[in-house]
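Student: Here you go, one structure.
What follows is calculated from the coordinates using simple rules that are stated; it is not laboratory data. Here the structure is a predicted model, which is why all the values come from computation and not from measurement.
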Amino acid sequence: MNSCDVAIAGKAADLRAVIPAKAGIPFPGAARSCGTKWGSRLRGNDGLGVPDDSKNRQSKASRTEAGFAYIWTLLLVAFMGIGSTIASELYSTSVRRERERELLFIGHEFRAAIARYHGSAAAGPQMYPLTLQDLVKDPRFPNAKRHLRRVYADPVTGKAEWGLIRVEGRIVGVHSLSQRAPMKVDNFDDHDSGFKSKERYADWTFVYPHDMFIPPQEGEEGKNGGQLRIGVLPRPGAPR
């Protein structure tokens, strides 16, 4: 028995009278006084009463949980990015459809204003306007006569600039200057039936009367969809 064993035996003998042996309580004072050998026996190799293999298993489990948490975070960020992209596309589509509806509404306003201008003759023959401003203030009347509240902006381009369709120098209709392809290609009103399957917003022509441009029949200037010809304009003073 070496000195460390003697020290432990002495400590145990001193404490048995106070602490029952069955309690199984180690004597840390003795362990600390005997150095690494007996301290490791009583408290474990790390000095905390936890074996090395258990500590390694806990460390591996912690690393595994951290790895899973990182992967779930990446997946969450990816899903959020995909959802944001889809929401952005849906919003963009909604905005485009709303602008198309506005274009149709404003185009109808122009068509109706041209019709009112054409039908309002002061004392002379019926005619079409020379400028769009003539629709806002008819120069043929001494007092202000309005056929259109104002020259609206094109909702597709955002500018108050329109393509003008003229016959004999006078405006018979307007169209957008946008070259973008429309989303709406079918299910138009009867007065807009000519817009079906058009490839550009610029092809939506709002003319008065709505059937002024007559598509050629088969065998006339090529096939359907070829160059349009102008219908017969109303003669001065003739009802339309």
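Student: In Å and on Cα atoms, what radius of gyration and Dmax does the stretch 100-230 show?
Tutor: My reading of the Cα-based Rg and Dmax gives 15.5, 51 Å.
Student: Another question about this same structure. Enumerate lysine pairs in the stretch 100-230 that are 8 or more residues apart or on different chains, then count those whose Cα atoms are under 26 Å apart.
Tutor: 11
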